[in-house]
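Every read-out reported here was derived from the displayed coordinates using simple, explicitly stated rules and does not represent laboratory data. A quick note: this is a predicted structure, and the numbers were derived from the prediction, not measured. Note that we place each Cβ from the backbone using ideal geometry, even for glycine, and neighbour counts take in every protein chain shown.
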């Protein structure tokens with residue numbers, strides 16, 4: 001009955017059933033249909049083609065299945081077509097009929113086929129998002145005709161071919177290009193470096209090869225760069241080239257430069273604006289370089305899965321904004337430095353909220369779009385650290401994850417860890433820790449992962465509180481630990497384990513006592529049985 005209806009926005013509700021189409025016939029001026037973030041299901045029905053004045057059609061984040069109906073491609077007035085995060089299938093060849101399209105977002109579906117060669121006819125197209133689909137084939141050669149393109153996201157598909165065949169130099173308005181997780185081959189095409197307005201470039205996990213071109217320095221506005229796993233060589237040369245990209249704030253170049261050596265201090269300059277730096281999974285040798293200390297704005301540092309040796313340098317505490325540190329699986333040695341427990345952002349600091357130009361994915365379902373969403377982490381697992389866990393570790397009250405596993409740490413678990421009240425993950429497994437489990441650890445009410453296995457701990461596992469909720473594999477490998485979840489159960493008549501020094505004193509006392517009293521021998525046996 002709403003003959004004058006122009007816009008219907010019913011997004012962000014819990015509507016179910018099929019997408020309605022009846023208003024297309026009753027409202028001749030109907031132009032905007034926004035149904036995203038609901039629970040609509042089934043196929044997209046025929047009838048939307050009757051909305052001849054429609055300019056925006058959006059039903060992303062629902063449970064829609066099947067192919068895009070042919071009559072949608074008859075809506076020549078359509079400018080915005082958004083159906084991300086559904087279960088749509090079939091090809092997209094029909095979209096090239098929609099000559100007025102400005103944005104297309106069909107990401108996170110099950111679409112297949114190739115990108116049609118006729119896509120170059122979409123002269124007004126500014127955004128193309130087809131990520132997380134099953135698209136295959138080469139990029140069409142006339143993609144460069146879409147000269148108004150500002151955002152192109154084709155990541156996580158099965159696209160292939162030599163990108164050198166595509167002339168990116170005509171895409172002067174392109175600001176964001178994401179081709180992650182495809183099968184592109186050859187070298188990174190130098191025509192990409194003609195897109196001088198690029199702020200975000202992600203080419204990770206393709207089958208490129210070769211060295212980085214100096215022409216990447218032409219991208220004067222580039223802030224986000226991800227080149228992970230594309231078989232780059234010559235790390236020193238690559239970093240010397242990238243230091244000319246003065247605006248970089250996020251740099252992911254891990255899984256390259258395999259078995260090379262970390263560049264020395266006098267070889268690298270620049271990167272003053274870098275906030276996120278990832279150089280993981282490279283099997284790099286050498287030490288943590290001093291030039292990293294110049295990255296005074298650094299917030300996240302990923303150096304895991306390398307072969308770095310030597311101590312953690314003292315200057316690390318001068319990186320006042322650093323809150324996510326992952327140096328796991330290296331050969332770092334020495335004691336855990338006090339500099340690490342003086343990190344201001346791991347104590348009380350609040351992370352500034354800054355948006356990533358492209359979402360950082362840990363998995364398809366876990367993506368970070370702002371820096372403050374990343375947890376505060378200190379991960380030193382799988383190294384050669386020795387000595388005791390410093391009692392000052394309790395200063396890092398903002399930590400959410402602490403991993404010191406698979407080192408050669410000794411001594412007791414410091415009681416001060418109970419100060420880390422925000423801690424969600426604590427892993428101290430595979431060390432040489434001794435003593436009892438501090439009762440204070442039961443105060444860590446947010447702890448969801450806990451592991452102290454394979455140490456030399458003794459005494460009973462708490463049978464109440466937070467620690468009692470963890471499975472047996474969190475405690476196994478400690479022969480002198482007992483508890484209801486372990487193979488060795490605690491005798492209810494036993495007293496807690498005490499130190500060796502105190503035990504020896506008691507033994508001497510009881511022997512002396514037994515020489516004067518006839519019942520001393522029996523009493524001595526009772527006491528010894530309780531301590532051992």
Self-check item: Degrees between helix 520-531 axis and first principal axis of the chain (Cα, 0 to 90, nearest 10)
Solution: 10 degrees
Quiz item: When the helix-only estimate is applied to the chain (DSSP H runs of n ≥ 4, each -39,500 (n - 2.57), divided by the residue count), what is the mean residue ellipticity at 222 nm, nearest 500 deg cm²/dmol?
Solution: -2500 deg cm²/dmol
Quiz prompt | Estimated inter-spin distance, residue 339 and residue 117, nm [label 7 Å along Cα→Cβ] | solution = 6.0 nm
Quiz item: Relative to the present Cα-Cα distance, how much length would full extension add between residue 480 and residue 468 at 0.36 nm per residue of separation?
Solution: 2.6 nm
Quiz prompt | Förster-model FRET efficiency, 41 Å R0, residue 3 and residue 369, C-beta, rounded to 0.05 | solution = 0.50
Quiz item: If you take the beta carbon distance between residue 110 and residue 46 as r and set R0 to 22 Å, what does 1/(1 + (r/R0)^6) give as a FRET efficiency, to the nearest 0.05?
Solution: 0.60
Quiz item: Given a Förster radius of 41 Å and the C-beta distance between residue 283 and residue 124 as r, what FRET efficiency does 1/(1 + (r/R0)^6) yield to the nearest 0.05?
Solution: 0.30
Quiz item: Distance in nm between label sites at residue 443 and residue 214, each 7 Å beyond Cα in the beta-carbon direction?
Solution: 6.0 nm
Practice problem: Rounded to the nearest Å, what's the spacing between the alpha carbon centres of the stretch 169-245 and the stretch 55-100? Just the number, please. | Solution: 31 Å
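If we count other beta carbons within 10 Å of each Cβ, what is the order of 252, 446, fewest first?
446, 252
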Quiz item: Hull surface divided by four, with the convex hull built on the Cα atoms of the chain: how many nm²?
Solution: 30.2 nm²
Exercise. Find the centroid of the Cα atoms in the stretch 1-47 and in the stretch 454-494, then give the distance between the two in whole Å.
Key: 59 Å
Quiz item: Using alpha carbons only, how many degrees (0 to 90, rounded to 10) separate the axis of helix 500-516 from the longest principal axis of the chain?
Solution: 20 degrees
